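Before any comments, here is the structure.
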Amino acid sequence: MKIKARTDDLIVQEVADETLVYDLKSNQAHCLNSTAAFVWRRCDGRHSMEEIVRLMQAELNTPASDQLVSVALHQLQKAQLLEEKVPTSAVSRRELARRLGQMGAIAALVPAVLSITAPPAAAANSVGCLANGNPCPSATSCCSGKCVNSICSP
Amino acid sequence: MNLAPLVRSVILGAWRAEPPPLSLTAEELAAVTPLLRQTHAENLAWWRVRGTPLAETEWGRALADTYRMSVLRNALQARVMVDAVERLREQGIESLVVKGWAVARHYPAPGLRPYGDVDLYVPEGQLEHAQVVAKGLPRDIDVQSTTLYEVYAREFETLAERAERYEVEGSVIRVLGPEDHLRLLCLHLLDHGAWRPLWLCDIAAAMEQRRPGFEWERVLYGSPRVADWVLCALCLAHVLLDVSIADTPAEARVQTLPRWLVPTVLRHWELGNAFSTRHHFGVLLRRHWRQPPRLVEALRLRWPDPIRASMFCRAPFDGSSRLPYQFRTALASAPAIAGQFRSALLESPAADAGQTGRADLEREPGSGAQ
């Protein structure tokens, strides 16, 4: 089965060793580490899972490539970044990190597709006031008008 | 804790690919980040703390996430901008991109300089048509005539002849030439009271990216008073952000900078977005309608600062008292303030209190984060 990643309604940006993806349909933002991005880039509708595993072994020389690819696909699927469902193994990221450790490989290889959210403190509303719970420099910064111990309070 | 110096130390050199080392404690970062957030300068903090132990703190990780979102937001805004430019072009209207993307390109990493607005200059004679086209676009596009604001005014054709072309998302866009853009950034900064540290960084970045052949005459053309305002803005970048003004016309001006100028900017930096714009004041009024002490505080924040008052009165930036200008500006704002009081009386005071931010790309990085 050839695997195809979604390409429509996505904004993709590469920054340092991360690939940032914004899904315009779901308004979700994701951060892919290099392993997840490697797999995602090869989901071009021309490669099967086995072929991606072989590519990873050849290009990255990683141990347990089959498990890495499987976990990456599972994560990408969860983030709705693939066109269709693909069968993936049930190995958790933690378990994979442990196995990689036993093989002397670094845990950073474990694929990660993390959701990005603007932190609550950034959630100044359209009129420029801060919601409760956000750090505040003065009472007027808070929507509630109360800045207690530098935190906007109800 | 006096926060303005902290703001200054965090943004210092943050527009450069290699900013100077940052000396900041985790507590100081926690104290200053909310202020930077309110003024949309938090990505500059991230740029300074990345690769340091501060990046691993709670605030450091939050800054990294905000930066990632900003990268995506800017990418989306770039699409919006290109779409608008192309739609206008289809109608035979050539536009010039000002601020926004044109400023962000001076920064060393995508997303470092967030922008929420798309501002386009169009020829005076095509303004109405352009506004109709812009209204048909899915997002807010601000099309303006180049003569809309008196202090920035310059014929479109004059600006267009020095415009630079860039390819973005497969389309060609035109931005103001470096001299015209620097002039605009300086006047825009002062017109808004210089309350956002980011705006001064924009000037710093534009200053440091001048190329050989940069024409100062073009920056300082026309009214000597307006030219002097521009010089004062450049001096602010020098005094507060250590931008070199050696061998520039601003070099001599820095010796005679009025005493009220730098403290006014630092006071704004201390306040963050509590600095009261007309819009913000209206919100505060409705929010604090039944709390007289808060109303007094809001009114106090509404009092015109020396910079905006000077700009409003088209006054010289000199050592004379700013009070007459501040009174004049306050007087001129009185009808609007009275109107806002009337509106506040009629509206529910709770109307705005429940609003919270939206954490998706649809949320502008701030109203007016030009």
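The values are calculated or read from the model by the stated rules, or taken from the named source; none is laboratory data. These figures come from a predicted structure and were not determined experimentally. Here Cβ is always computed from backbone atoms with ideal geometry, including for glycine, and neighbour counts include all displayed protein chains.
Does A:GLU84 meet the test of being modelled with pLDDT of 80 or more, in a helix (DSSP H, G or I), farther than 30 Å from B:HIS40 by Cα and among the acidic types (Asp, Glu)?
In short, no.
Inside the stretch A:6-31, can you point out the residues that are out of contact with any Asp or Glu (no Cβ under 7 Å at 6 or more places or on another chain), aliphatic (A, V, I, L, M) and in contact (Cβ under 8 Å) with a residue 60 or more places away in the chain?
A:LEU20, A:VAL21, A:ALA29
Can you find even one residue in the stretch B:315-338 that is within 14 Å of chain A (Cβ to nearest Cβ), within 20 Å of B:VAL262 (Cα to Cα), out of contact with any strand residue (DSSP E or B) (no Cβ under 8 Å at 6 or more places or on another chain) and without any contact (Cβ under 8 Å) to a residue 60 or more places away in the chain?
No, every residue in the stretch B:315-338 fails to be within 14 Å of chain A (Cβ to nearest Cβ), within 20 Å of B:VAL262 (Cα to Cα), out of contact with any strand residue (DSSP E or B) (no Cβ under 8 Å at 6 or more places or on another chain) and without any contact (Cβ under 8 Å) to a residue 60 or more places away in the chain.
Against the definition (more than 9 Å from chain A (Cβ to nearest Cβ), surrounded by 17 or more Cβ atoms within 10 Å (Cβ to Cβ) and at pLDDT 95 or above), how does B:GLY60 come out, yes or no?
No: the conditions fail for B:GLY60.
Answer yes or no: is there a residue in the stretch A:50-68 that is hydrophobic (A, V, I, L, M, F, W, C), crowded, with 19+ Cβ neighbours inside 10 Å and at positive phi.
Taking every residue of the stretch A:50-68 in turn, at least one turns out to be hydrophobic (A, V, I, L, M, F, W, C), crowded, with 19+ Cβ neighbours inside 10 Å and at positive phi.
For a quick check of your reading: which strands (runs of 3 or more DSSP E) sit entirely within the stretch A:6-70 and have at least 3 residues that are within 12 Å of another protein chain (Cβ to nearest Cβ)?
Per the criteria, A:10-15, A:18-23, A:28-32.
Conditions (1) without any contact (Cβ under 8 Å) to a residue 24 or more places away in the chain; (2) closer than 30 Å to B:PRO123 by Cα, marked per residue:
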| residue | (1), (2) |
| --- | --- |
| B:ALA17 | no, no |
| B:LEU29 | no, no |
| B:LEU35 | no, no |
| B:HIS40 | no, no |
| B:VAL49 | no, no |
| B:ARG61 | yes, no |
| B:ARG87 | no, yes |
| B:PRO108 | no, no |
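Among (1) within 18 Å of B:LEU200 (Cα to Cα); (2) in contact with a Pro (Cβ under 8 Å, 6 or more places away or on another chain), which single condition is B:PHE312 missing?
Tallying (1) within 18 Å of B:LEU200 (Cα to Cα); (2) in contact with a Pro (Cβ under 8 Å, 6 or more places away or on another chain), B:PHE312 fails exactly one: (1).
Please go through the stretch B:284-306 and pick out each residue that is surrounded by fewer than 19 Cβ atoms within 10 Å (Cβ to Cβ) and of a type outside the set (Lys, Arg).
Within the stretch B:284-306, B:TRP289, B:GLN291, B:PRO292, B:PRO293, B:LEU295, B:VAL296, B:LEU299, B:LEU301, B:TRP303 meet the criteria.
When you go through B:PRO138, B:PRO108, B:PRO123 one by one, which is the residue that is surrounded by fewer than 16 Cβ atoms within 10 Å (Cβ to Cβ) and out of contact with any Lys or Arg (no Cβ under 8 Å at 6 or more places or on another chain)?
Only one candidate qualifies: B:PRO138.
Quick one: count up the residues across the stretch B:130-170 that are over 22 Å from the mean Cα position of the chain (by Cα) and within 30 Å of A:ILE11 (Cβ to Cβ).
The number of residues fulfilling the criteria is 15.
Mind counting the residues in the stretch B:282-305 that are more than 10 Å from chain A (Cβ to nearest Cβ) and in contact with a Lys or Arg (Cβ under 6 Å, 6 or more places away or on another chain)?
Total meeting the criteria: 0.
Just one of (1) modelled with pLDDT of 75 or more; (2) within 14 Å of another protein chain (Cβ to nearest Cβ); (3) buried (at least 19 other Cβ atoms within 10 Å of the Cβ) trips up B:ALA309, so point out which.
(2)
Which of the residues belonging to the stretch A:51-65 are out of contact with any Lys or Arg (no Cβ under 7 Å at 6 or more places or on another chain) and touching a residue at least 12 places away in the same chain (Cβ under 8 Å)?
Result: A:VAL53, A:MET56, A:GLU59, A:LEU60, A:THR62, A:PRO63, A:SER65.
Only one of B:ALA206, B:ALA233 is closer than 22 Å to B:PRO306 by Cα and either in contact with an Asp or Glu (Cβ under 6 Å, 6 or more places away or on another chain) or surrounded by 16 or more Cβ atoms within 10 Å (Cβ to Cβ) (or both); which?
B:ALA233
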